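The values are calculated or read from the model by the stated rules, or taken from the named source; none is laboratory data. Keep in mind the model is a prediction, meaning the values are calculated, not measured. Counting neighbours? That spans all protein chains shown, and the Cβs are built from the backbone with ideal geometry, glycine included. Areas reflect the complete protein model, heavy atoms only, side chains present, ligands, DNA and RNA absent. Shrake-Rupley method; radii C 1.70, N 1.55, O 1.52, S 1.80 Å.
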2 protein chains.
Amino acid sequence: MSGVGLSRVVEPVGVLPQAAWRLDASPVLGADEVRVRVERLNLDAASFRQLREKHGGDGAAVRAEVLQIVGTRGKMHNPVTGSGGMLIGVVDEVGPASPLEVKPGDRVATLVSLTLTPLVITDALRGWDGLSEQVPADGHAILFGRSAVAVLPEDLAPELALAVFDVCGAPALTDRVVRGYDAPDVTVLGGAGKSGSLALAAAKRAGARTTAVVVSESERDALARAGVADRIAIADARDAVAMTDVIENQADVTVVCVDVPGCEHGAILATKDKGTVIFFSMATSFAAAALGAEGLAADVTMLVGNGFVPGHAAFAVEVLRSAPGVRALFEARVSAD
Amino acid sequence: MSGVGLSRVVEPVGVLPQAAWRLDASPVLGADEVRVRVERLNLDAASFRQLREKHGGDGAAVRAEVLQIVGTRGKMHNPVTGSGGMLIGVVDEVGPASPLEVKPGDRVATLVSLTLTPLVITDALRGWDGLSEQVPADGHAILFGRSAVAVLPEDLAPELALAVFDVCGAPALTDRVVRGYDAPDVTVLGGAGKSGSLALAAAKRAGARTTAVVVSESERDALARAGVADRIAIADARDAVAMTDVIENQADVTVVCVDVPGCEHGAILATKDKGTVIFFSMATSFAAAALGAEGLAADVTMLVGNGFVPGHAAFAVEVLRSAPGVRALFEARVSAD
């Protein structure tokens with residue numbers, strides 16, 4: 001249980017930092033902790049929307065509430081949405097027993113949620129108008145031994161790097177699973193999105209024949225230019241029967257990156273016996289997956305898409321660099337945001 | 001897509017049988033189908049409770065509604081709860097292309113839900129008072145090529161066999177995962193329940209050192225007599241910090257059989273790096289598992305507990321026969337129901 005930040009929990013005592021109401025955000029480091037000088041917070045979209053709507057778009061009031069939350073809780077943990085976000089900053093001090101691969105001066109992004117990251121704001125957020133999720137900020141944050149953090153690559157714009165880090169578990173886990181099969185067929189549902197296109201690129205690098213399922217002709221055309229899908233089919237992944245018709249062949253590995261509910265049965269039917277389904281979509285229903293496979297007597301391994309794989313951030317950046325077409329997809333998406 | 005019963009779907013066309021409003025329950029078999037002469041339906045507990053409460057405990061009205069549902073939908077699929085149940089019967093005819101390992105005269109239990117099983121009732125349920133989930137019935141049901149079915153073992157009472165079949169995916173998948181590790185430590189959360197005790201017995205047979213987490217002293221004492229847990233700890237599996245304190249050592253494989261929400265983080269923390277968590281509890285939150293592992297930077301494989309593994313029913317019966325203490329736990333539970 002070391003490295004998870006239990007010593008930072010003020011109340012209630014004995015829970016994990018994410019479950020805590022209040023954290024101790026003191027700048028004095030424990031042996032395995034790291035202090036980061038904060039440059040910018042990226043608020044979670046759901047959290048920012050709630051705050052903006054609550055205050056009718058009054059940026060000053062939104063800013064005041066963010067300051068009040070951080071001041072009260074010792075972390076930016078929206079008590080209504082339960083969500084946080086991430087931050088960018090520069091490593092200030094590294095405890096002697098920290099296992100994190102960072103050194104003072106590294107510009108980093110945190111890959112763990114702000115809901116469990118001790119945080120102090122010292123500039124009253126004067127550089128922020130309260131009207132966007134991007135919050136310029138000065139202050140400090142604490143990382144634990146088991147926190148995940150990534151050094152920002154110098155050849156990528158920070159926005160692009162953050163977009164890649166946001167989904168970096170998908171290519172890493174896809175790579176690991178695909179390498180467990182011999183020259184497999186891999187199908188990615190939602191192949192034109194961020195996690196989907198990186199998963200396709202990772203599968204292709206690992207020697208797979210790749211099929212993407214997308215929902216529209218415009219997605220198909222965009223993905224075709226990226227060059228990571230050997231076949232692209234247009235179908236609604238929620239319609240199990242129609243989708244499996246267009247895919248033609250079952251896959252050894254099916255990767256679900258479609259962020260809408262109801263894709264579990266289609267994913268199971270799209271997968272061979274002894275195959276694996278990796279669910280990355282947060283819209284996945286545990287019960288629908290478990291009961292679906294049972295009802296279809298499908299001997300498939302179903303994985304909860306763990307967003308953490310050691311080295312996942314660096315691996316995702318490497319995949320992006322090696323797939324210029326996917327990088328172009330990401331850049332188009334980031335500039336549209 | 002063969003073997004899933006698409007030809008039995010009447011409306012809406014093009015969906016899977018479970019999603020259909022109405023099935024064709026004609027007794028004439030397709031080449032890969034099997035017809036079963038029905039002896040008894042076991043209604044799902046949630047479905048029966050809803051019907052009983054709706055009709056204020058009037059058994060005749062409950063019976064009339066079950067007949068009406070089956071007559072209208074061609075399956076016992078409660079439109080309010082969305083649930084079904086299972087059935088016991090005798091195999092009547094086996095289509096020439098059926099892959100199921102049954103022959104005419106076999107007494108079987110269906111392991112797929114009644115919500116996708118074509119069904120005709122011919123005795124107006126005259127033998128049922130409408131006051132229990134056990135419904136003596138005459139009629140026929142249809143199994144598809146990909147249906148799961150188990151022959152009832154002659155040495156087990158039908159109620160005991162059904163209780164074992166109900167959780168038979170747990171020991172089978174536990175066995176498969178445990179054999180992927182060398183002399184592993186296995187922790188089962190909720191070890192005193194049906195799926196938990198069979199999972200422990202399966203792990204022990206596969207050469208694991210087993211730890212059980214149970215919630216009370218009475219559960220501990222009952223499980224100790226079963227002889228399948230090398231260590232038994234008492235803790236609330238929802239309290240991640242307290243639970244990992246009492247477990248002492250992390251496991252290679254953690255099996256979650258506790259049917260309450262909020263056990264995801266504890267299960268992840270209870271597991272070594274490169275270990276596996278198998279979630280069998282239907283109370284598992286997909287998002288809590290995915291985000292929990294990410295927030296804890298835990299490199300664990302997380303499996304959705306697929307209730308289907310080839311041969312799972314026979315394997316569970318074999319595990320039960322070889323663990324008399326577990327059989328006694330089951331018999332006590334069945335006689336208490």
Q. Restricting the search to the stretch A:136-154, which residues are part of a loop (DSSP other than H, G, I, E, B), in contact (Cβ under 8 Å) with a residue 12 or more places away in the chain and farther than 17 Å from residue A:23 by Cβ?
A. A:148, A:152, A:153
Q | Exclusive hit being more than 11 Å from every other protein chain (Cβ to nearest Cβ) and either among the hydroxyl-bearing types (Ser, Thr, Tyr) or more than 19 Å from the chain's Cα centre (by Cα) (or both), set A:292, A:262, A:275, A:266 | A | A:275
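Residue-wise test of (1) over 17 Å from residue A:332 (Cβ atoms); (2) touching a Phe, Trp or Tyr at 6+ places or on another chain (Cβ under 8 Å); (3) polar (S, T, N, Q).
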{"position": "A:188", "(1), (2), (3)": "yes, no, no"}
{"position": "A:193", "(1), (2), (3)": "no, no, no"}
{"position": "A:196", "(1), (2), (3)": "no, no, no"}
{"position": "A:213", "(1), (2), (3)": "yes, no, no"}
{"position": "A:216", "(1), (2), (3)": "no, no, yes"}
{"position": "A:223", "(1), (2), (3)": "no, no, no"}
{"position": "A:260", "(1), (2), (3)": "yes, no, no"}
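One line per residue, one yes/no per condition, for (1) outside any loop (DSSP other than H, G, I, E, B); (2) under 25 Å from residue B:62 (Cα atoms); (3) within 13 Å of another protein chain (Cβ to nearest Cβ); (4) open to solvent by 50 Å² or more (accessible area, probe 1.4 Å):
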site: B:2; (1), (2), (3), (4): no, no, yes, yes
site: B:7; (1), (2), (3), (4): yes, no, yes, yes
site: B:14; (1), (2), (3), (4): no, no, yes, no
site: B:25; (1), (2), (3), (4): no, yes, no, no
site: B:28; (1), (2), (3), (4): no, no, no, yes
site: B:31; (1), (2), (3), (4): no, no, no, yes
site: B:35; (1), (2), (3), (4): yes, no, no, no
site: B:39; (1), (2), (3), (4): yes, yes, no, yes
site: B:42; (1), (2), (3), (4): yes, yes, no, no
(Q) When you scan the stretch A:208-215, do you find a residue that is at negative phi, within 21 Å of the chain's Cα centre (by Cα) and open to solvent by 10 Å² or more (accessible area, probe 1.4 Å), even just one? (A) no
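Please go through the stretch B:216-235 and pick out each residue that is surrounded by fewer than 17 Cβ atoms within 10 Å (Cβ to Cβ) and on the phi < 0 side of the Ramachandran plot. Explain how you work it out, then say what you get.
Narrowing the stretch B:216-235 to residues surrounded by fewer than 17 Cβ atoms within 10 Å (Cβ to Cβ): B:216-218, B:221, B:224-225, B:227, B:230-231, B:234.
Passing the criteria: B:216, B:217, B:218, B:221, B:224, B:225, B:230, B:231, B:234.
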Q: Give the residue, chosen from A:112, A:80, that is within 14 Å of chain B (Cβ to nearest Cβ) and in a loop (DSSP other than H, G, I, E, B).
A: A:112
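Taking the stretch A:241-262, which residues are open to solvent by less than 10 Å² (accessible area, probe 1.4 Å) and at pLDDT below 95? Before you say what the answer is, go through the steps one by one.
To start, the set of residues in the stretch A:241-262 that are open to solvent by less than 10 Å² (accessible area, probe 1.4 Å) comprises A:243, A:247, A:251, A:253-256.
Within the stretch A:241-262, A:243, A:247 meet the criteria.
Which of the residues that make up the stretch B:263-289 are part of a loop (DSSP other than H, G, I, E, B) and either buried (at least 24 other Cβ atoms within 10 Å of the Cβ) or at pLDDT 90 or above (or both)? Before you say what the answer is, go through the steps one by one.
The first filter runs over the stretch B:263-289 and keeps only residues part of a loop (DSSP other than H, G, I, E, B), leaving B:263, B:270, B:280-285.
Scanning the stretch B:263-289 gives B:263, B:270, B:280, B:281, B:284, B:285.
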**Q.** Where residue B:198 falls short, out of the listed (1) more than 14 Å from every other protein chain (Cβ to nearest Cβ); (2) open to solvent by less than 10 Å² (accessible area, probe 1.4 Å); (3) touching a Ser or Thr at 6+ places or on another chain (Cβ under 7 Å)
**A.** (3)
Q) Based on what the data block shows, is residue B:307 outside any helix (DSSP H, G or I) and either within 18 Å of residue B:255 (Cβ to Cβ) or hydrophobic (A, V, I, L, M, F, W, C) (or both)? A) yes
(Q) Cβ-Cβ under 7 Å, sequence separation 6+ or interchain: first residue in the stretch A:193-215 and closer than 15 Å to residue A:178 by Cα and touching a residue at least 12 places away in the same chain (Cβ under 8 Å), partner basic (Lys, Arg) and open to solvent by 10 Å² or more (accessible area, probe 1.4 Å). Which pairs? (A) A:206/A:179; A:210/A:204; A:211/A:231
Q) Which residues, taken from the stretch A:101-135, are more than 21 Å from the chain's Cα centre (by Cα) and in contact (Cβ under 8 Å) with a residue 60 or more places away in the chain? A) A:120, A:121, A:125, A:128, A:129, A:130, A:131
Q. Would the stretch B:181-195 turn up any residue that is hydrophobic (A, V, I, L, M, F, W, C), more than 22 Å from residue B:321 (Cα to Cα) and within 14 Å of chain A (Cβ to nearest Cβ)?
A. no
(Q) For the structure I just gave you, tell me whether residue B:158 is over 30 Å from residue B:54 (Cα atoms), away from chain A (no Cβ under 14 Å) and not polar (S, T, N, Q). (A) no
